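The values are calculated or read from the model by the stated rules, or taken from the named source; none is laboratory data. Quick caveat, the model's predicted, so the values are computed rather than measured. Cβ: placed from backbone, ideal geometry, glycine included. Neighbour counts: every protein chain shown. Note: areas computed on protein heavy atoms with side chains; ligands, DNA, RNA excluded. Shrake-Rupley method; radii C 1.70, N 1.55, O 1.52, S 1.80 Å.
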Amino acid sequence: MPRLREVPKGEADEKVAQPLYAQLFGDRDPVTEPGTATGTRGDWWTVFAGSPDTLKHAAQGFAYYRSGRRKLDPVLRELGQTWAGWATGSQFVFSQHCKSLRGLGVAEEKIEAIPTWQTATCLDARERLVLAYADRLVMHQGRVPDTLFDALKAEFSEEEILELTYITCMYQMHAVMSRALRTEFDDRDDPVTEVPAPEGFNALDFLGGERKKD
């Protein structure tokens, strides 16, 4: 379950949350009857409904990137979003945007190649360039070499680059928040925990040290 409280339908903000609940869940209360068309529980929405202004701002971000006013090719945009999910370790963001790529008609071979895009031969030059830039945004915190940025400017307009930068970073934020709040597919324990040593094991024996005498 998420780390923050989910807001039931009867308590949801009438102007912001209620219309979104109706769009996603129909007449159901998403807290007691969860589930969306994409296979998620939908608890991202019910958690964000705890702050109507935050939910409204996030929903406006979704409308922004889906707008027909965007100059950037939607497939390239989705590559940046999908990489943000993968690189941040958010199964939720990665899964949702793999689905979006599929909906845009992207070949399965390319979708499956995203985690190893650096060596994938099925991706074209523009797609690899977008993923290289997205990697620098997400994994290197915006540390982009001039040579890479010059290559972007040779291929894309400045407006397209700004859109790609904004949307990729927005989805890095969503990926981080989903993991922190444990929403949707990111509701899982951290796999990196200590594995207990066998009974009788002594760390000093392993390290070759000597035990202190009392």
Sequence of LEU76, LEU24 when ordered by accessible area, the most exposed leading, probe 1.4 angstrom
LEU24, LEU76
nm² value of the averaged projected area, convex hull over the Cα atoms of region 1-108:
7.6
For labels at SER67 and GLU158 in the simple 7 Å Cα→Cβ model, what's the distance in nm?
1.9
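For the chain, what is the relative contact order in percent, using Cα pairs closer than 8 Å and at least 6 residues apart in sequence?
Working: 233 pairs, mean separation 50.3, N = 214.
It comes to 23 percent, rounded to a whole number.
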In whole angstrom, the spacing between the Cα centers of region 61-109 and region 20-53 equals 21
Projected area averaged over orientations for region 89-214, convex hull of C-alpha atoms, nm²
13.6
Cα-Cα pairs in region 103-149 separated by more than 15 Å, as a whole percent of all pairs, come to 46
For region 80-128, calculate the relative contact order in percent as a whole number, restricting contacts to Cα pairs under 8 Å that are 6 or more residues apart.
26
Given the candidates THR36, VAL16, GLN60, the one whose Cα lies deepest towards the positive end of the charge dipole of region 12-110, counting +1 at each Lys or Arg C-beta and -1 at each Asp or Glu C-beta, is GLN60
Which of (1) 7, 28, 29, 17, 10, 6, 2, 0; (2) 8, 32, 35, 20, 5, 0; (3) 8, 30, 33, 19, 8, 2, 0 gives P(r) over Cα pairs in 10 Å bins from 0, in percent as computed here? It is (1)
